[in-house]
Amino acid sequence: MQDRKANPKQDGLDQAHDRCIFWGKFSERDCLPLESHCIDVALVFRRLCDLPGFHRALESAAGRMLDDRILDRLAVLAMLHDAGKANLGFQYKVFPDSPFEPAGHVAELGILFDAGRAELNQAFAEALQVGRLQSWFDDEGDELESYLHATWSHHGRPVRFDEGLAGRAITSAGYWQPHGGYDPMAAVAELVTWSQAAFPAAFEPGGAPLPGAVRLQHLFAGLVMLADWLGSHPRWFPVQNTDAAARLEHSREAAPRELRTVGLDARPLRSVLQPGPGSFEERFGFTPRPLQTVMHGQDPSDPASRLLIAESETGSGKTEAALDWFFTLFAGGEVEGLYFALPTRVAARELYTRVHDTMSRWFPDPACRPVTVLAVPGYAQVDGLPADQILPVPEAGNIWEDDDQARRRERVWAIEHPKRFLAATVAVGTIDQALLSAVQTKHAHLRGACLARSLLVVDEVHASDRYMASLLEHLLEHHLALGGRAVLLSATLGAEARERYLAVARGENPNRVQPPTVTDCQTLAYPLLSRADGSVTPCPGEARTRSIIVEETPLAFIPEKLADRLVQALQAGARIMVVMNTVNRANTLHRALEAHPGMNPAWGFSFEEVPCPHHGRFAPEDRLVLDAAVSARMGKGGPDGPVLIIGTQTLEQSLDIDADLLVTDLVPADVLLQRLGRLHRHDRPRPTGFGEARCLLLTPDEKLVTGLDDQGFVAGRFRRIGWGFGRNSNGIYEDLRSLEQTRRSLLETPTLEIPTDNRRLVEAATHPESLSLLEAEDARWARHGQHVLGSDIHKAQQAAAVNIPFERCFGDFVFNEQGLKVATRLGADALRLPLDRHVQSPFGQALHEITIPEHLAPGQPNDTVTVESEEGGVIHLRCADRHYTYSRYGLEGKETS
């Protein structure tokens, strides 16, 4: 006999094979019977249904109240999620010399629905007791089949058993025929038998039928996915060959403990906040500003409060207003969690510290504090600690272990995989993690189910990207339909975008919305709070106003000509922030300034004395330290003295940093106001000559209309700056009309009063009526507007093509291939590839992977990036047929001969 120490897996094999056990989970030492694993998952599912947030979402999706019997019946259907594991291709694949080809356990169910396999159809129906299950529904079979498809979609993608697909997925009906003491149909019947033991009330006659609402199927699928992850946690549900009766007793005790520990059951935390404090000032320690006062006074029981849109100047306290609203909702039992979505990773990392500190203050006892997660892949944290310090080594732990470190590790469940980020009680991350819950990407339903119980806060909402706006509209529609709550924060939201989001909240088609006239929109109050029913409350009395001089500087094509002026400003002690539209422009300007004879190297932004720009093309390890360095140098408490930081959009959003002088490429007004928000943001002494806030706006030395050809397309020299819609490629800001109207508004009033002028600027640059005014001046503007309209329609169609069709039943659709593309665009599956060997970056960090932007990526990338050489602080890389350098300027493509 083979030595078991030499082959420990033999223990599990012997137990499964000798006793003809159908296994559900398998380890080297043991195997968990199939019915026991399904009991684990079903008991977790049932406990999830009892949690207030999930229960509210289920009833909202169903459109009616759900009693315990209905929830038990849903749990029975969830218990059947792994029925496909009964096929012998799956069971025998752990054994050597198997007579069957190894098989999975989802697609292999397809043959059971093949109309040409009547005998198998009948055997499977009898094993499932289909007649009994069918009695739970009103219809004659379609709804049951849809729910079964939903439960069998627990691996993250909706399944559909087409006859052709079934024929390809499985080649032999023998997988489902008895063999060698194994009877697959008997194993399926055993699942149903134990489901009766676990949920006896479900099988009692009578009761209300299961709801036919299609949205409920989608939520059910997400909860099954979540329960499968939780019910497979080896610490709580170890792989042990225990009989089903003992396992049932164990799971009833383990499931609620697990949900409390990982943070999904937030009820024990609510009692901490229910006694108060009740006032904003007590919660935050300072007197509320007008917007904060208005939001604090909202009534959680008012249906109109399910969506709040807060418009106020950058730096006016919108973050604290949203956190205060979360306090109110959480204490009142209206939400079970919070997801704070930001536009960039650096913004999320900075805000996370503030949110974690707030939770620590509100919940002073660490043993009774929400699991607080930084939901950014590669930078995840839990309770203020980096994930790599506390993530457990995968092992089958002992559920009864009572160790502080073990308890801390139990709280990291939500960050062990990005798909579970939204399961945290409190999470701060990027908007893509929320959007991925409503688009056709793997485990989207899991993300959506987790989000449904939470307050969704989306920061820095504006209207510059029709594609992203369409995705957000779809997400909001689904989130609100599940009884969720949402807050949108913006300093620069145009009326058209605001009206579209409010239409979604009212259940109307946003494409049929017509905003008020541009004049009415420009005179609308600001700051402003809008509610789901369209009612608005002005927030008067904002004390702090700023005057900003915007100086048009026609050097967009030759920004290096600014060098003398920037050096003079640095000599005066100014902190200067330069925001360019593209990485190439930022790097080019940085090199030009470094070469300037009057430039003192000590003035440039640097990390560990290595000067560099700031943009999104650095490796994750370097981005982490560079982002922190930006906040330390330019944020509150940062040192005085001259500094020049040159970057891109990574500097413009949600960062609490302050500059004496801002230089920026021309951008639409809503984006420009984001950049201006970093100018004179803090109350601090200013260098001589910089007492007034000043922005140098880089524009072309010609009219923008000269960049249009007769067909309305934008010339390449403009697109290289990030402007306009071209024949074959587009700039970042496609609509040249918006840029033109922004430029004209600033020429009319070069000195801005912020926030007084915010509404006027944004509507001039985004309102359809304002943009159409240009079309009467020159036919090129009209043709350009047609191209932009066509592009917006195409983007909306692209978004619609990747959105989950929540109106379609499971079994009637599958995710399309475009879901992979949208995941890449949103950052879920960006081209982040490991290096073939570890190297040290110019900033002293150990690099393990690199992120390649889409326009630099090879057509057919390799699985790894090859490090070809390192010399003089420059790393030479290759991926397939593309060659790159990585240096203190980040990743750059290079030409090859």
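Classify the stretch 484-622 as rounded, prolate or oblate from the Cα gyration tensor: take a ≥ b ≥ c as the square roots of its eigenvalues, call it rounded if a/c is under 1.5, otherwise prolate when a/b beats b/c and oblate if not.
Prolate.
Where a ≥ b ≥ c are the square roots of the eigenvalues of the C-alpha gyration tensor, would you call the stretch 597-644 rounded, which needs a/c under 1.5, or, failing that, prolate if a/b is larger than b/c, or oblate?
Since a/c reaches 1.5 but b/c is at least a/b, the shape of the stretch 597-644 is classed as oblate.
In the chain, carbon and sulfur make up what percent of the accessible area (probe 1.4 Å)?
It is 49 percent, rounded to a whole number.
Using Cα-Cα distances under 8 Å and only pairs 6 or more residues apart, what relative contact order does the stretch 483-554 have, in percent?
Result for the stretch 483-554 is 21 percent.
Taking the chain, how many lysine pairs are there with alpha carbons less than 25 Å apart, if each pair must be eight or more places apart or span two chains?
19
Mind checking the angle between helix 345-362 and the chain's longest principal axis? C-alpha axes, 0 to 90 degrees, to the nearest 10.
That helix lies at roughly 70 degrees to the long axis.
Going by Cα centres, the stretch 546-603 and the stretch 216-254 are how many Å apart?
The stretch 546-603 and the stretch 216-254 have Cα centres spaced 59 Å from each other.
The stretch 829-863 to the stretch 47-108: how many Å between their Cα centroids?
Centre-to-centre (Cα) distance: 38 Å.
Across the stretch 517-528, in residue order, what do the Karplus-derived ³J(HN,Hα) couplings come to in whole Hz, using 6.51 cos²θ - 1.76 cosθ + 1.60 with θ = phi - 60° and x for Gly and Pro?
For the stretch 517-528, the Karplus curve yields 4, 4, 5, 5, 5, 5, 9, 5, 4, 8, x, 8 Hz.
Can you tell me how the chain classifies by the Cα gyration tensor, rounded, prolate or oblate, using a/c under 1.5 as the rounded cut?
Prolate.
Probe of 1.4 angstrom, ligands and nucleic acids ignored: what's the accessible area per residue over the stretch 40-126, in square angstrom?
For the stretch 40-126, the solvent-accessible area averages 34 Å² per residue.
Using a 10 Å cut-off on Cβ atoms, rank the peptides 258-267, 741-750 from the highest mean neighbour count down.
258-267, 741-750
For the chain, what does -39500 (n - 2.57) per DSSP helix run (n ≥ 4), summed and divided by total residues, give at 222 nm, in deg cm²/dmol to the nearest 500?
The helix-only estimate for the chain comes to -12000 deg cm²/dmol at 222 nm.
Mean separation of Cα pairs under 8 Å and 6+ residues apart, divided by the residue count of the chain: what relative contact order is that in percent?
That works out to 12 percent.
So how far apart, in nm, are the two label points at R252 and N862 if each is 7 Å from Cα heading toward Cβ?
5.8
Would you pull out the residues with amide H under 5 Å of L338's amide H, same chain only if 5 or more places away, H placed 1.01 Å from N?
Residues meeting the criterion, in which the H sits 1.01 Å from N, are V426, A427, L455.
State the extension gain, in nm to one decimal, for the chain segment bounded by E769 and R270, taking 0.36 nm per residue of separation less the distance between their alpha-carbons.
174.8 nm
Just subtract the alpha-carbon distance of R717 and A387 from 0.36 nm times their residue separation and send over the number in nm, one decimal.
114.3 nm
Sort 504-510, 487-493 by packing, meaning the average of other beta carbons within 10 Å per residue, with the highest value first.
Ranked by mean Cβ neighbours within 10 Å, highest first: 487-493, 504-510.
Rounded to the nearest whole Å², what accessible area per residue is found for the stretch 614-728 with the 1.4 Å probe?
Counting only protein heavy atoms, the per-residue value for the stretch 614-728 is 31 Å².
Probe of 1.4 angstrom, ligands and nucleic acids ignored: what's the accessible area per residue over the stretch 186-288, in square angstrom?
In whole numbers, the stretch 186-288 has 36 Å² accessible per residue.
Compute the helix-to-body angle for 779-802: its Cα long axis versus the longest principal axis of the chain, expressed 0 to 90° and rounded to tens.
Helix 779-802 sits roughly 20 degrees off the main axis of the chain.
Please give the FRET efficiency for H596 paired with E871, using the beta carbon to beta carbon distance and R0 = 22 Å, rounded to the nearest 0.05.
In this case the efficiency is close to 0.25.
Quick one: which of 577-584, 330-337, 639-646 comes out on top by average Cβ neighbours within 10 Å, and what's the full order, highest first?
Put in order of decreasing packing, that is 577-584, 330-337, 639-646.
Say the dipole of the chain comes from +1 at the beta carbon of Lys and Arg and -1 at that of Asp and Glu; which of L446, V426, V839 then lies farthest toward its positive end?
Ranked along the dipole, the leading option is V839.
The values are calculated or read from the model by the stated rules, or taken from the named source; none is laboratory data. Note that the coordinates shown come from a computational prediction; the quantities given were computed from them, not determined experimentally. As a convention, Cβ positions derive from the backbone with ideal geometry for all residues, glycine included, and neighbour counts pool all protein chains shown. With ligands, DNA and RNA removed, areas are computed over all heavy atoms of the protein, side chains included. Shrake-Rupley method; radii C 1.70, N 1.55, O 1.52, S 1.80 Å.
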